[in-house]
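The values are calculated or read from the model by the stated rules, or taken from the named source; none is laboratory data. Just so we're clear, the structure is a prediction, and the values are computed from it rather than from any experiment. Cβ atoms come from the backbone with ideal geometry, glycine included; neighbour counts cover every protein chain shown. The area values use the complete protein model at the heavy-atom level, side chains included, leaving out ligands, DNA and RNA. Shrake-Rupley method; radii C 1.70, N 1.55, O 1.52, S 1.80 Å.
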Amino acid sequence: MKKTAIILGASGLTGGLVLQKLIEDDRYDTIKLFSRSKIEGLPNKVKQFIGDLLELNQFKDDFTADEVYCCIGTTAKKTPDKTLYKKIDFGIPVAAAKLSKENNIPTFLVISAMGANKNSTVFYNKTKGEMEHNVLKQQLKKTFILRPSLIGGDRQESRPLEKIGLVIFKVIQPLFIGKLKKYKIVNAETIAQAMIYLANTNHYADVIITSDDINKLGNNA
């Protein structure tokens with residue numbers, strides 16, 4: 001029996017790659033996108049639901065699937081208002097996890113970030129940590145939280161400081177051995193592939209997936 005997947009954040013780098021891969025994956029006959037604007041030129045297996053993701057409950061009746069891929073995220077540059085930032089990076093994933101619980105969706109995958117810690121004094125890390133904590137509180141059958149370090153890939157928007165950081169990290173990658181492996185750059189395509197692998201396997205026990213394991217899973221899937 002073929003599956004249905006939900007993607008949140010399909011207009012972003014990683015979410016777009018998840019979408020592309022699921023379109024090509026014969027295990028899925030329906031892909032549901034929940035977003036603020038329509039993506040043109042998609043095949044019939046993709047169903048789009050347009051609206052305000054900050055009010056995700058409006059989609060409750062259509063929020064049904066076998067899996068949820070939550071690739072939502074913003075940046076301090078795009079969203080300098082901390083209240084709005086938290087509504088996006090905390091509010092949307094937690095609301096999606098709650099809807100998954102209510103609608104008996106067994107599998108939930110969400111992209112967090114390295115350094116996530118609900119007790120952190122750093123706003124970004126604290127927000128991600130609180131998000132993780134509240135997602136896990138839903139006690140879904142399968143939950144995977146991916147914590148990449150810097151994410152590599154071709155973005156549509158300009159992020160000059162991030163590009164500089166990626167160049168520096170690429171130069172020093174060979175130094176990242178042992179416990180430092182989790183700090184290695186992970187490509188968005190690798191994250192997407194790892195998420196799909198995790199959703200379709202029953203033998204991976206870890207809930208928190210760091211960059212080193214994301215690279216292993218995505219490159220070997």
Taking LEU109 and the conditions (1) farther than 19 Å from GLN193 by Cα; (2) touching a Leu at 6+ places or on another chain (Cβ under 7 Å), which numbered condition does it fall short on, given that it satisfies the others?
-> (1)
What residue, among those in region 35-73 that are of a type in the set (Phe, Trp, Tyr) and over 16 Å from the mean Cα position of the chain (by Cα), is most open to solvent (accessible area, probe 1.4 Å)?
-> PHE49
How about region 31-56: which of its residues are in contact with a strand residue (DSSP E or B) (Cβ under 6 Å, 6 or more places away or on another chain) and not in a loop (DSSP other than H, G, I, E, B)?
-> ILE31, LYS32, LEU33, PHE34, VAL46, LYS47, GLN48, PHE49
Lone unmet requirement of (1) at pLDDT below 65; (2) in a helix (DSSP H, G or I) for ILE196 | (1)
Restricting region 1-34 to residues that are of a type in the set (Gly, Ala, Ser) and at pLDDT below 95, which is surrounded by the fewest Cβ atoms within 10 Å (Cβ to Cβ)?
-> SER11
